[in-house]
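A.B. asks: The structure is given below, and queries will be raised subsequently.
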Amino acid sequence: MALPFGSLLLFLLLWQLLAASGTWSETLVPPPAKVWSAFIDVSTTHDGVRGYNGTTLIEHLGISLRRIALGAGIGIALGVLFGLVMGTVGWVRSLFEPWITFLRTLPPLAYFSLLIIWLGINEEPKITLLAVAAFPPVAVSTTTAVTAVSQSLIEAARALGGSRWDVVKDVIVPSALPETLTGIRLAVGVAYSSLVAAELVNGLPGIGGMVKDAANYNNTPVVLVGIIAIGISGLVIDGLLLRLERAVVPWRGHV
């Protein structure tokens, strides 16, 4: 605990020294105190103004997290389903794997404009973008995990009278679960990295929309507050997913 806290203090000290050196203007590198003041401003009501654009920081963050939960949730569910099917049915894997690889290599901004043309500027393109971003990592990791399941285990289950569904439920899914959960963690991280892109258009309220709007006015302190909020919330959610992984597959790393 002391080492991370010490590194944080060192980072803040270097940041303060850099801001005080005058190498760059405060517009480019605002001092930590100014960013803290911006954090207080966007988190409370000040001078009759509530938060940023009438919405507090926690509300911006909550709206974005709801979008991520819905979009990434859809992408993860479809990714697990496709991964199981592709891992167990060879011709399905041959048919869809190149398309998933193609989708995985595309940056979100490459197809977000197309989603806006198709779906408008409301919630639909944002949710779809996050779902599309989260889908490939889960599909690829689940497919890889399913194809790596020991054939001797599958044959033993069949020899004991297990149906195809029994083999999938009792052998394949438990064996593939550790890698699938890793894929889910990666998918949530990709969804987070796509958040600002998803909120480029009509993103207010929303933490990514707040960052984009503040950047339009060179309001660097608010931009940094938004980035820090996204990063900290991402760390918290990744930590929760890691704890879930340890609870669901406690044998990982011990066998």
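The values are calculated or read from the model by the stated rules, or taken from the named source; none is laboratory data. If you're wondering where the values come from, they're calculated on a predicted model, not measured in any experiment. Methodologically, a virtual Cβ is constructed for each residue, glycine included, from the backbone with ideal geometry; neighbour enumeration extends over all protein chains shown. The protein model used for the area step is the full one, side chains on, heavy atoms only, and it has no ligands, DNA or RNA in it. Shrake-Rupley method; radii C 1.70, N 1.55, O 1.52, S 1.80 Å.
A.B. asks: Any chance you could count how many residues in the stretch 74-99 are more than 24 Å from residue 167 (Cβ to Cβ) and touching a residue at least 24 places away in the same chain (Cβ under 8 Å)?
C.D. replies: The qualifying residues number 2.
A.B. asks: Would you be able to say whether some residue in the stretch 178-192 is free of Cβ contacts under 8 Å to residues at least 60 places away in the same chain, in contact with a helix residue (DSSP H, G or I) (Cβ under 8 Å, 6 or more places away or on another chain) and among the charged types (D, E, K, R)?
C.D. replies: yes
A.B. asks: If residue 23 satisfies all but one of (1) closer than 25 Å to residue 210 by Cβ; (2) modelled with pLDDT under 90; (3) not aromatic (Phe, Trp, Tyr), what's the number of the condition it fails?
C.D. replies: All conditions are met except number (1).
A.B. asks: Could you list, in sequence order, all residues of the stretch 141-170 that are more than 28 Å from residue 131 (Cα to Cα), part of a helix (DSSP H, G or I) and in contact with a helix residue (DSSP H, G or I) (Cβ under 8 Å, 6 or more places away or on another chain)?
C.D. replies: 153, 154, 157, 158, 166, 167, 170
A.B. asks: If I ask for residues that are surrounded by 12 or more Cβ atoms within 10 Å (Cβ to Cβ), farther than 25 Å from residue 62 by Cβ and free of Cβ contacts under 8 Å to residues at least 40 places away in the same chain, which ones from the stretch 30-50 would you list?
C.D. replies: The answer is 31, 32.
A.B. asks: If you don't mind, there's one more thing I want to ask. Return only the number of the condition from (1) within 16 Å of residue 226 (Cα to Cα); (2) in contact with a Leu (Cβ under 8 Å, 6 or more places away or on another chain) that residue 40 does not satisfy.
C.D. replies: (2)
A.B. asks: Considering each residue of the stretch 84-113, count those that are within 18 Å of the chain's Cα centre (by Cα) and not in a helix (DSSP H, G or I), and give that number.
C.D. replies: Number of matching residues: 2.
A.B. asks: Given (1) open to solvent by 10 Å² or more (accessible area, probe 1.4 Å); (2) within 25 Å of residue 76 (Cβ to Cβ); (3) modelled with pLDDT of 90 or more, where does residue 207 come up short, assuming only one miss?
C.D. replies: (1)
A.B. asks: For residues that are surrounded by fewer than 19 Cβ atoms within 10 Å (Cβ to Cβ) and not β-branched (Val, Ile, Thr), scanning just the stretch 220-235, find the one that is nearest to the chain's Cα centre (by Cα).
C.D. replies: Across the stretch 220-235, the extreme among qualifying residues is 234.
A.B. asks: Restricting attention to the stretch 101-132, which residues are of a type outside the set (Phe, Trp, Tyr), open to solvent by 10 Å² or more (accessible area, probe 1.4 Å) and under 19 Å from residue 79 (Cβ atoms)?
C.D. replies: 101, 103, 104, 105, 106, 107, 108, 115, 127, 128, 131, 132
A.B. asks: Considering each of 124, 199 in turn, give the residue that is in contact with a Lys or Arg (Cβ under 7 Å, 6 or more places away or on another chain) and acidic (Asp, Glu).
C.D. replies: Result of the check over 124, 199: 199.
A.B. asks: Regarding the stretch 6-14, can at least one residue be identified that is hydroxyl-bearing (Ser, Thr, Tyr) and over 26 Å from residue 203 (Cα atoms)?
C.D. replies: Yes; the residues of the stretch 6-14 include at least one that is hydroxyl-bearing (Ser, Thr, Tyr) and over 26 Å from residue 203 (Cα atoms).
A.B. asks: Of (1) within 19 Å of residue 126 (Cβ to Cβ); (2) open to solvent by less than 50 Å² (accessible area, probe 1.4 Å); (3) within 19 Å of the chain's Cα centre (by Cα), residue 213 satisfies all except one. Which?
C.D. replies: Here residue 213 meets the rest and fails (3).
A.B. asks: Hey, another quick one. Going by what's in this entry, would residue 221 be described as farther than 17 Å from residue 72 by Cβ, in contact with a His (Cβ under 6 Å, 6 or more places away or on another chain) and in contact (Cβ under 8 Å) with a residue 24 or more places away in the chain?
C.D. replies: In short, no.
A.B. asks: Another question about this same structure. Does residue 76 fit the bill of being in contact with a helix residue (DSSP H, G or I) (Cβ under 9 Å, 6 or more places away or on another chain), assigned to a helix (DSSP H, G or I), over 30 Å from residue 140 (Cα atoms) and not basic (Lys, Arg)?
C.D. replies: Criteria not met by residue 76.
A.B. asks: Ok, one more. Can you tell which of 176, 187 is in a helix (DSSP H, G or I), open to solvent by less than 20 Å² (accessible area, probe 1.4 Å) and within 18 Å of residue 69 (Cβ to Cβ)?
C.D. replies: The unique qualifying residue is 187.
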